[in-house]
Amino acid sequence: MADRARRSRMAMVAATAAAAIALLTGAAWVGGQAIDLANARSELDASRQALDASVDGLDASLDAARTVDADARAALDAASGRTLDEVARDALSAALDPLAAASADAEPALAEASDLLVNATDLDDSLSPDDVRSTAGALDEASGRLTRLDAALGDAADDVRVATTAVRDAVAARDAWLEQVRASAYREHVWAAGWTAELDACQGSVDLSAAYGLPAIAEHWSCTGKEFPRDAGTYVVLDGVLAGTYRVDGVAAMLDQTTHTTADLPQGHDLLYQTCIDGDSRTMAMVALTRID
């Protein structure tokens, strides 16, 4: 009897110990799950903050890119016809395309990232740690994409800034060149628009555009017509009723007043300068001019 009672007590102790171990094991598992979930949510918070910073950064870069684009287009328009060649303007036009493409890629990516942030702000408490980490991974992936887009946008904007500066430098270079040209150019005063009476007044060139139906000025040889440059590459500055800086392209035609009419005047030039060589109306030199400013 005593042995049976002892064995019974031992069995009860063993059962109690087993139950306690099971209880402790379960509690440990529950505690470990809670810690894992807390860690997962901490990781999610870090991912959310990183994506939020990426959104702010790309949004600011987009605003800067829009400013760069607007400034570049203004410079491009302002430089039209004001550079010695089109190299700088062509380069700027080409640089604007990648900037537009980078901006177009960034805008929808920002919208998608903003939606991800909203959806990740208030997650269901019943989600497992794996579900929470999956959400954090999606935020990290979006953050990485925004970082890459931000870099591409920044590079494109930098290229446009450099190209914009080059265009403005090209305008400044032409302005400096024009100053040198004007300093050494032949000066011609166009004193009136008219015909014979104004030509005979010998006060300078006369604008004959209305009579000829194309841009033209004229002057008697005996006035200062003989001094007007006829060699190609010479520069002339006009002032008066017709003003501007022109390059002489040479004698486009030599007409005879006794046989030619206005129909024989050379076409397609910015301006013609007419004078009769040695005062002979049978040798009317029609000097072609191209306007450079």
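The values are calculated or read from the model by the stated rules, or taken from the named source; none is laboratory data. Keep in mind it's a predicted model, so treat the numbers as computed, not measured. Neighbour counts run over all protein chains shown; Cβ positions are idealised from the backbone, glycine included. Side chains are part of the model used for accessible areas, which takes the heavy atoms of the whole protein and leaves out ligands, DNA and RNA. Shrake-Rupley method; radii C 1.70, N 1.55, O 1.52, S 1.80 Å.
Tabulated values for the structure
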item	result
Filter result for Thr165 (touching a Gly at 6+ places or on another chain (Cβ under 9 Å), open to solvent by 20 Å² or more (accessible area, probe 1.4 Å) and either more than 30 Å from Arg48 (Cβ to Cβ) or assigned to a helix (DSSP H, G or I) (or both))	no
Tabulated pairs, region 171-182, first within 23 Å of Leu92 (Cα to Cα), second surrounded by fewer than 13 Cβ atoms within 10 Å (Cβ to Cβ) and of a type outside the set (Gly, Ala, Ser), C-beta under 8 angstrom, 6+ apart or interchain	none
Residue in region 129-138 that is out of contact with any Cys (no Cβ under 8 Å at 6 or more places or on another chain), hydroxyl-bearing (Ser, Thr, Tyr) and open to solvent by 20 Å² or more (accessible area, probe 1.4 Å) present	yes
Which listed residue, of Ala193, Ala170, Ala183, is open to solvent by 60 Å² or more (accessible area, probe 1.4 Å), small (Gly, Ala, Ser) and more than 18 Å from Arg291 (Cα to Cα)	Ala193
Among the candidates Ala50, Ala78, Ala74, Ala65, residue that is among the hydrophobic types (A, V, I, L, M, F, W, C), at pLDDT 95 or above and surrounded by 17 or more Cβ atoms within 10 Å (Cβ to Cβ)	Ala65
Test: residue in region 139-148 that is open to solvent by 30 Å² or more (accessible area, probe 1.4 Å), at pLDDT 85 or above and not charged (D, E, K, R)	yes
Residue that is open to solvent by 30 Å² or more (accessible area, probe 1.4 Å), touching an Asp or Glu at 6+ places or on another chain (Cβ under 9 Å) and farther than 17 Å from Ala193 by Cβ, where the choices are Thr283, Thr261	Thr283
From the options Ala109, Ala100, Ala152, residue that is in a helix (DSSP H, G or I), small (Gly, Ala, Ser) and either within 16 Å of Ala50 (Cβ to Cβ) or at pLDDT below 85 (or both)	Ala109
Index of the failed condition, Asp159 passing every other in (1) open to solvent by less than 70 Å² (accessible area, probe 1.4 Å); (2) closer than 15 Å to Leu92 by Cβ	(1)
Extreme residue, nearest to Glu179 (Cα to Cα), among residues of region 229-247 that are outside any strand (DSSP E or B) and in contact with a strand residue (DSSP E or B) (Cβ under 6 Å, 6 or more places away or on another chain)	Thr234
Subset of region 217-234 that is small (Gly, Ala, Ser) and surrounded by fewer than 15 Cβ atoms within 10 Å (Cβ to Cβ) - its residue that is farthest from Val287 (Cα to Cα)	Ser222
Of all residues in region 196-210 being surrounded by fewer than 17 Cβ atoms within 10 Å (Cβ to Cβ) and in a loop (DSSP other than H, G, I, E, B), the one that is farthest from the chain's Cα centre (by Cα)	Ala201
Members of region 185-195 that are touching a residue at least 40 places away in the same chain (Cβ under 8 Å) and assigned to a loop (DSSP other than H, G, I, E, B)	Ala185
Failed item, numbered, when Glu219 is tested on (1) under 27 Å from Arg182 (Cβ atoms); (2) more than 46 Å from the chain's Cα centre (by Cα); (3) free of Cβ contacts under 8 Å to residues at least 24 places away in the same chain	(3)
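Every residue, every condition in (1) in contact (Cβ under 8 Å) with a residue 40 or more places away in the chain; (2) closer than 23 Å to Tyr235 by Cβ; (3) among the small types (Gly, Ala, Ser), yes or no:
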| position | (1), (2), (3) |
| --- | --- |
| Ala253 | no, yes, yes |
| Asp256 | no, no, no |
| Thr262 | yes, no, no |
| Pro266 | no, yes, no |
| Leu272 | yes, yes, no |
| Thr275 | yes, yes, no |
| Ile292 | yes, yes, no |
